[in-house]
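Here's the structure we're looking at; comments come further down.
The values are calculated or read from the model by the stated rules, or taken from the named source; none is laboratory data. The structure displayed is predicted, hence computed values, not measured ones. Cβ coordinates were reconstructed from backbone atoms using ideal geometry, including for glycine residues, and neighbour counts include every protein chain displayed. Protein only, heavy atoms only, side chains kept; ligands, DNA and RNA dropped before computing areas. Shrake-Rupley method; radii C 1.70, N 1.55, O 1.52, S 1.80 Å.
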Amino acid sequence: MDILSIIWIIVMPFIGSLVGLTYMGIGRKIIARVQHRYGPPIFQNVVDVIKLYSKRSAITHGVMFHLAPNIAITGTISTLMFVPVLVGENAISLFSFQGDLILILYIMVFGCLAMALGAGQSGNPNSAIGVSRGLTQMFGYEIPFVIALVTLMVQNETTSVQNIIAAQDSFMHWNIFQSPFAFVAAMFAFLGMMGNKPFDVPFAPAEIASGPPSEFGGKYLALMQTNRGMFAFVKLVLYVDLFLGGATNFAILLVKTFAFYLIPLFVGIVNPRFRTEQAMTFFWKWPTAIGLAGFLLVLL
Amino acid sequence: MKEDWGKEAGNIISKWARKHSLWVLAYGTGCGAIEIPPTMTSRYDAERFGITGSATPRQADVLLITGYLAVKTLKRVIRTYEQMQSPKYVMGFGSCTINGGMYWDSYNTIKRLDDYLPVDIFINGCMPRPEAVIDGFIELQKLIDAGTAQGWVKYKENLDTYRANQKKVITNWKMPDYNW
Amino acid sequence: METIPFILSILFGAAVLAYLVGKFNYILKVGVSIVGLIWAGWLFLGLQGTLSSFTFKMLGFDIIWRINPLSWLFGMIIFGLAILTAIFSGSYMKGKERVDFYCFAMCITVASMFGIVVSGDLLSFFFFWEIMTWSSFLMVIYYRYEAQAAGLRYFVMSMIGAYAMLTALLIVYAQLGSFLFDVLSAGWSGFSLTLQIWLFVLFVIGFAVKAAMMPLHTWAPDAYTISPAPFTALFSGALSKMGIYGLALLFFVFGAGKLASSVITIQGVSLPGYILAWFGAITALLATFKAIVQDDAKKLLAYSSIGQLGYIILGFSLSSSMGVTAGLYQAVNHSIFKGMLFLAVGAVFYRTGTRKLSEMGGLITRMPYTFFVVLLGIITVAGMPPLSGFTGKWLIYEALIEKHLIFLAVVAFGASTAAFLYLYRIIFTIFLGQRPKRFDEVKEVPWMMRAPMLILALLTVYLGFYPYQLLDLINQAQVYMGIAPFDLSHSMLFNSYGNVSTITVMNIVAVVFFIVFILFNTLYKRSRKVGLKDIHTSGEVPGEEINLHYAVDFYQPFARGVSIFLKRSVSKIYASLADNLEGLFDVMRYVYTGNGQTYALFVVIALAFLFLVKDFLV
Ligand code: SF4
């Protein structure tokens, strides 16, 4: 392992959270513009996080509460380590040769579980309700997501993300064109995964006081927000790797990830919120049907 | 010397960040609460100054008290304030919080919020228009920048005085200790 | 003396001795069984890698008891779990009634399970199988009256399995004139196709009852719930594995795998295997759904156990190198984590006296060790890296994707995601959230109960870091079963599709965690600890007597969403079948009136009938 890759390993989490938070800021700006507002500056989320880090006090409800943001960010950074960020000549692949898509799928949940445990220990019933809703919704979107991923893995005869990227060597070989059904199913799942408007019932601020994080404040919330930004970045990069053939430099990466970021954002602006069981069963109708149609294509 | 420099830089950054990111917990007590939605939404758009609503006191920076406080509500407001994480600021909104306003001789509202919680800034008016509210926020930002929005320190230092005042009006005082 | 009969006699001896001395002293009877188990386990450990066998003749039949890598692997599961649960019960059963009986049944169960894995012929296999059923039945009805219904159901289902197996066994004897496995495996391909299918189905029914495969699982939830907690761990961890062991024998030793070549294959999986795989996958999914809506902690785990066994069956029925590795690995792993979880729930029951999830809460500060064990347990069940569950999940998915079985893969993935729901529920409702006032004085369980749980917990960490030693053992078993061993390097899990380095994963997680931990805790001053009542409730201060724990109907929206699946239940189908049969027997009661004159009339009619038709008969 040479010095450059070690530097990237250290720097990548920071870049990831910065990019993720900035995307969220841009998202807020776009929402404001749709609503005929001026909107906050695009770095607003970064400022928010810095403010949270600068809070002087914090309370804890117990050991899991204290560790939860810590473990959550561990899970996200570990996921980031296994997702190839850039490919090609100046590839940034971190540890992605040592783990495949199945590992990424499972290690992604690690942080969420920690958050759920921390929320559980906060003793606030709203947090527990939020977690229960979140898990229910997760089970919903996981079905089309898994259908899409299995389609990709079977089609490419590999479970390694590196090889899936390598198979998409030219524009027309991108999986978005190669397996459009899988792409659509995965995109529906992405809406649920990002937790934007129609699927934000786990966090519904007006009903259950922002759900799982409702007891977290100060440094804990700061760590959680950093984690949120980084997690969004990881998911975006993973989708770009899977469907848009990865990126060869940072400019392309930013363009592609931002394109993906816009989709749930625009869907979210114009939609109200689903109820919990609707949010779950929604994914088992059209998204699953589309995914299964993709399956049949693979089988034939 | 070097350490001072680091502290100084940290101070500047945190001041700047605190100033530009105010998460408001609007405790909609009196009639003034009606002015909060227009302040936040399209017409006046407070979000452009980094002012957003927050759902719980743990996450909030500013406690916005919009109007008269019944004694019963005061207890909840104190509780909410004490659950917030410092540094935290209190905004009194409307003349009711300043001197009782049109409720000055009411039997169960408090007159001066200042006696019970360390108010950093008052907004005058009955009720203040959104422009005035935003003006108040900008004033608060200036205070933060100047380092004079020290209500939370004051509260910690004079906790006994505040407690005595609070207990004078709230008879069924059954609350956990203050944790900041 | 030969080792195998010696171990058997130690176990039976310990059982009898524990029962006899049980009249005198508590420590003595528990001590005898623990020492007996440890001694037997120690001797058994020494048999690794040997192929010792012991032959004798009984009633004119050849009997073989032998050790091979496969039976050694399962034997290790049995002994490991049995010793730990025996130690656990040493403390758990204190002050309970009929402990001598408990120790007796426990040792007999272990002995019979050991007998099953060493027997090399169908006769002794069936013999031990029946002893196992009986002795575990004794355990199920330990709490006499409340356990009646569960015990009866367990017994009836076991009988169905046993008769199916007995039929198959007699068919084999009639065909081959021998009970030996070797003869059977040589002679299997000589059977006609119909006979092969019949034998396959009968054996599968026999084994699947013990492995609680849907739709033969109806006994499991109640029997697991009602039996004493330490035994439940053994029940789910080791006893149900005997069904899996049976399936392994059926597929790879009896030669049912050869059935594959003679009938249609679907994507490289034989049709019977494919059907069985679907049964496994559906079991995994539906049992998981059921588990999510349970309110009884043990019942939840029981359904979870059924679901996990579904995974193992799924792995085995693929018959590929990866699939069988996955099945065996998951079998070992399941014993570890289910043992752990059942013991932990038992420990909670021991201290709180309830199994209802909706009644508990906030025990983390009172029982931190148990919490830690459950935490590791749920991470393992969920299959999250860096603990040992991930390797099992990885192997299964790779096996499915390798065979391009996409529908099965999706069902398996879905079941594993749904598992998060009940796993979170069990840890949240017991250990997190607000604590009811009556549990304020609860203490952590004694060390004698803590130690077995912690040993199992550390085992999952070790296997998560370094599963290769276990995979080595599995490979040896696979060589014995005649399957190509899984390709193994000692730093990576890999196949032609993908690879995972468990060591790297563990290292990354540990390093990142500690860096963040140190930064986070040194840059900030200590945060203030506040009570669980000090929460955001819109300014209201919840009083002492108010408990804001969200535990009742935890997944109500989920239950509403999947109500189609939950409405139907196999037990109800069986119940309606029983009702209909009862109607049939009601009709028959008119025949058997119990009146002598009526019977006399029947005899007369019959004679008259015979008299009339006698011309046709001769
Ligand atoms: S200041 Fe005026 S508007 Fe505001 S609460 Fe008092 S009376 Fe109502």
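Under a 5 Å amide H cut-off, with hydrogens placed 1.01 Å from N, C:Lys529 pairs with A:Thr60 among residues at least 5 apart or on other chains. Computed about its Cα centre, the charge dipole of chain C is approximately 1260 debye, with only Lys, Arg, Asp and Glu carrying charge at their Cβ.
Could you please report the charge total around C:Arg66, scoring K, R as +1 and D, E as -1 over all other residues with beta-carbon less than 13 angstrom from its beta-carbon? Walk me through the intermediate numbers first.
Details: positive: none; negative: C:Glu2, C:Asp62, C:Asp121, C:Asp182.
Local net charge: -4.
For segment A:3-299, what is the charge dipole size about the Cα centre, in debye to the nearest 20, if Lys and Arg each add +1 at the Cβ and Asp and Glu each add -1 at the Cβ?
1040 debye
Shape class for segment A:175-260: oblate, because the ratio a/c of the largest to smallest gyration tensor axis (alpha-carbon atoms, square roots of eigenvalues) is 1.5 or more and b/c is at least a/b.
Given R0 = 30 Å, the distance between the Cβ atoms of A:Ile269 and A:Phe177 translates into a calculated FRET efficiency of 0.65. If you take the beta carbon distance between C:Phe565 and A:Ile3 as r and set R0 to 60 Å, what does 1/(1 + (r/R0)^6) give as a FRET efficiency, to the nearest 0.05? E(calc), rounded to 0.05, equals 0.65. Per-residue extension of 0.36 nm, minus the Cα-Cα distance of C:Leu612 and C:Thr522, leaves a gain of 22.0 nm for this segment. Largest mean-square fluctuation among A:Ile269, A:Ile59, A:Ile30, in a Gaussian network model of chain A whose springs join Cα atoms under 10 Å apart, belongs to A:Ile59.
For a quick check: with amide H placed at 1.01 Å from N, whose amide H comes under 5 Å from B:Tyr89's, ignoring anything fewer than 5 positions away on the same chain? When sequence neighbours closer than 5 places are left aside, the close amide H contacts are B:Val62, B:Leu63.
When only the heavy atoms of the protein chains count and the probe is 1.4 Å, how do C:Arg526, A:Arg273, B:Arg58, A:Arg33 rank by accessible area, highest first?
C:Arg526, A:Arg33, A:Arg273, B:Arg58
In this label model, C:Leu51 and A:Tyr38 are separated by 8.6 nm, measuring between points 7 Å along each Cα→Cβ vector. Ignoring ligands, DNA and RNA, what percent of the accessible area of the protein assembly as shown is carbon or sulfur (1.4 Å)? That fraction is 66 percent.
Probing with 1.4 Å while keeping every protein chain in the model, the per residue accessible area of the protein assembly as shown equals 38 Å².
Solvent-accessible area of A:Lys256, all protein chains in place: 30 Å² (probe radius 1.4 Å, heavy atoms, ligands and nucleic acids excluded). On association of chains C and A, roughly 6500 Å² of accessible area becomes buried (total for both chains; probe 1.4 Å). Per residue, chain B reaches -13000 deg cm²/dmol at 222 nm when only DSSP H runs of four or more residues are counted, each adding -39500 (n - 2.57). Residues C:Phe602, A:Phe110, ordered by accessible area of protein heavy atoms at a 1.4 angstrom probe radius and largest first, appear as C:Phe602, A:Phe110. Per-residue Karplus couplings for segment A:285-292, computed as 6.51 cos²θ - 1.76 cosθ + 1.60 with θ equal to phi - 60°, are listed in order as 9, 4, x, 5, 4, 5, x, 5 Hz, Gly and Pro entered as x. Per-residue shielding of A:25-38, expressed as the average number of other chain Cβ atoms within 10 Å of the residue Cβ, stands at 2. Shape call for chain B from the C-alpha gyration tensor, a ≥ b ≥ c root eigenvalues: rounded (a/c under 1.5), prolate (a/b greater than b/c) or oblate? Here chain B falls in the oblate category. A run of chain C free of exposed loop cleavage sites, with GluC sites (Glu not before Pro) counted only in DSSP states other than H, G, I, E and B and at most 13 other beta carbons within 10 Å, reaches its longest extent at C:147-440. Of the whole protein surface, A:Phe14 contributes about 150 Å² of accessible area at a 1.4 Å probe radius.
Computed with every protein chain present, the accessible area of A:His173 is close to 80 Å² [probe 1.4 Å]. What you get for segment C:364-474, charging only the Cβ of Lys and Arg (+1) and of Asp and Glu (-1), is a dipole of about 500 debye around the Cα centre. Across peptide A:272-281, the average count of Cβ atoms from other chains found within 10 Å of a residue's Cβ is 3.
What residues of segment B:113-153 lie in the reach of a label at B:Val169, counting those whose backbone N is under 15 Å from a point 7 Å from the Cα along Cα→Cβ? Only B:113-119 pass the distance filter.
Need one word for the protein assembly as shown: rounded, prolate or oblate. Basis is the Cα gyration tensor (sqrt eigenvalues a ≥ b ≥ c); a/c below 1.5 gives rounded, then a/b vs b/c decides. Judged from the Cα gyration tensor, the protein assembly as shown comes out prolate (a/c at least 1.5, a/b above b/c).
Annotation: for a label point projected 7 angstrom from Cα along Cα→Cβ of A:Val298, residues of segment C:397-426 with backbone N closer than 11 Å are C:401-410.
How high is the FRET efficiency from B:Asp115 to B:Thr148, r the C-beta distance, R0 30 Å, rounded to 0.05? Rounded to the nearest 0.05, the efficiency is 0.90. Accessible-area rank, largest first, for C:Arg438, A:Arg37: C:Arg438, A:Arg37, with all protein chains present and a 1.4 angstrom probe.
Annotation: for a label point projected 7 angstrom from Cα along Cα→Cβ of B:Asp160, no residues of segment B:58-90 have a backbone N closer than 18 Å.
The mean count of C-beta atoms from other chains within 10 Å of the C-beta of residues in A:136-148, rounded to a whole number, is 5.
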